[in-house]
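Encoded as structure tokens, the structure appears first; notes follow it.
The values are calculated or read from the model by the stated rules, or taken from the named source; none is laboratory data. Treat the numbers as computed from the prediction; the structure is a model and nothing was measured. Glycine gets a Cβ as well: all are built from the backbone with ideal geometry, and neighbour counts include every protein chain shown.
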Amino acid sequence: MVVSHQEHPDTRPAMIDLRNVTVCRGSTPALEGLTLTIREGCHTVVLGPNGAGKTTLMKLLSSELYPVYRNRTHAKVFGRDRWNVRDLRSQLGILSHDLQQDYLPDTRGINVILSGYYASIDIWKHQEFSEDARTHAGTIMEYLGVGDLKNRAFGSMSTGQQRRLLLGRALVNNPRALLLDEPTAGLDPRASFQYLSAIRTLMESGKTVILVTHHIHEVPPEINRAVLLKAGQIFADGPKKEVLTTKNLAALFDYPLRVIEENGWYHVIPDR
Ligand SMILES: Nc1ncnc2c1ncn2[C@@H]1O[C@H](COP(=O)(O)OP(=O)(O)OP(=O)(O)O)[C@@H](O)[C@H]1O
């Protein structure tokens, strides 16, 4: 079952443009023949069960994995197939769980933000930061409500505080878009909603957000398109309201469940 995505004629530039993309992990395709276009300004959730290929998609978009080149295959981000990682980060801020685990526990809060300028983990002696760059990093920390963590060790912070610092690390380059991997996993309701509130403000200010997750409850109302991924292929794609239905999600997760929508937020309950 596939719901086709009926986009209005849209002249906005394609931010993500995948055509006939197959990505193998080991000897097995984790994404198979995927064709997907996401234009700037189209806030999108990519939703799929465990093993659907979400992490593989994140790694493809962050240039950590490449497709098998077949008939007319391309995998373009902001119009280009190949990127220098540092240049890509200044266009597309990527927040993944791997990143949170990569930081050493004794990295100071301000250095997490500053490391975003070089797309590095922590900062290093050969890296230089102007006074303006340092001031900007401090301003972002204040904006995200973590201004008091400048000198705190990353390992001594709560998961929610760490997550906000990593968001700040991405924002330091003023990227056009953000790619978020299960942004509220491991956060309590207060930390989740605080984090999502920052994301919603960023969407309102013009940043395009792509959310990759299996947590339907972390999809903010501003997300207007849903792409369902199953077994490495697109299962449904279209306006969120048309795609996030009981029928589609029960089939996506192979489980009798019911979708409940309230004030633009969604959650699922078992239907048995
Ligand atoms: N390093 C690897 N080597 C071999 N196969 C892999 C590897 N990583 C992932 N896979 C396989 O690729 C497929 C897609 O995995 P992927 O991690 O992209 O899914 P996912 O949707 O992110 O799942 P989850 O929600 O559980 O993180 C799965 O069948 C998985 O077993």
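Considering N224, N248, which residue is touching a Cys at 6+ places or on another chain (Cβ under 9 Å), within 26 Å of R200 (Cα to Cα) and of a type outside the set (F, W, Y)? Unique residue meeting the criteria: N224.
Step by step: first the residues of the range 89-127, then only those that are among the charged types (D, E, K, R) and at pLDDT below 85, then the one that is surrounded by the fewest Cβ atoms within 10 Å (Cβ to Cβ). Which residue is that? Reasoning before the result, please.
Step one: filter the range 89-127 for residues among the charged types (D, E, K, R), giving 89, 98, 102, 106, 108, 122, 125.
This time we only want the ones that are at pLDDT below 85, so: 89, 98, 102, 122, 125.
On the way: R89: 22, D98: 13, D102: 12, D122: 17, K125: 5.
If we take residues in the range 89-127 being among the charged types (D, E, K, R) and at pLDDT below 85, then K125 is surrounded by the fewest Cβ atoms within 10 Å (Cβ to Cβ).
When you go through R200, R169 one by one, which is the residue that is modelled with pLDDT of 95 or more, under 16 Å from the mean Cα position of the chain (by Cα) and either part of a helix (DSSP H, G or I) or hydroxyl-bearing (S, T, Y) (or both)? Full working, then the answer.
On the way: R169 fails: modelled with pLDDT of 95 or more.
Every option except R200 fails the conditions.
Of the helices (runs of 4 or more DSSP H) lying entirely inside the range 75-146, the ones with 2 or more residues being under 27 Å from K54 (Cα atoms) are found at 85-89, 97-102, 109-114. Can you find a residue in the range 239-251 that is assigned to a strand (DSSP E or B) and either modelled with pLDDT of 95 or more or crowded, with 16+ Cβ neighbours inside 10 Å (or both)? Within the range 239-251, one or more residues are assigned to a strand (DSSP E or B) and either modelled with pLDDT of 95 or more or crowded, with 16+ Cβ neighbours inside 10 Å (or both). Residues in the range 209-224: is at least one more than 16 Å from K54 (Cβ to Cβ), surrounded by 21 or more Cβ atoms within 10 Å (Cβ to Cβ) and under 19 Å from the mean Cα position of the chain (by Cα)? Scanning the range 209-224 turns up no residue that is more than 16 Å from K54 (Cβ to Cβ), surrounded by 21 or more Cβ atoms within 10 Å (Cβ to Cβ) and under 19 Å from the mean Cα position of the chain (by Cα). Does at least one position in the range 7-21 carry a residue that is among the small types (G, A, S) and either touching a helix residue (DSSP H, G or I) at 6+ places or on another chain (Cβ under 8 Å) or within 15 Å of the ligand (Cβ to nearest atom) (or both)? No: the range 7-21 contains no residue that is among the small types (G, A, S) and either touching a helix residue (DSSP H, G or I) at 6+ places or on another chain (Cβ under 8 Å) or within 15 Å of the ligand (Cβ to nearest atom) (or both). Evaluated against (1) over 20 Å from the mean Cα position of the chain (by Cα); (2) buried (at least 19 other Cβ atoms within 10 Å of the Cβ), T139 falls short on exactly one condition, (2).
Answer yes or no as to whether L65 is within 13 Å of the ligand (Cβ to nearest atom), assigned by the TED database to the domain that holds T184, surrounded by 15 or more Cβ atoms within 10 Å (Cβ to Cβ) and free of Cβ contacts under 8 Å to residues at least 60 places away in the same chain. It is true that L65 is within 13 Å of the ligand (Cβ to nearest atom), assigned by the TED database to the domain that holds T184, surrounded by 15 or more Cβ atoms within 10 Å (Cβ to Cβ) and free of Cβ contacts under 8 Å to residues at least 60 places away in the same chain.
Exactly one residue out of P175, P189, P183 is of a type outside the set (S, T, N, Q) and out of contact with any helix residue (DSSP H, G or I) (no Cβ under 8 Å at 6 or more places or on another chain): that is P189. Once the range 172-197 is narrowed to residues that are more than 23 Å from K54 (Cα to Cα) and aliphatic (A, V, I, L, M), the residue that is surrounded by the most Cβ atoms within 10 Å (Cβ to Cβ) is V172.
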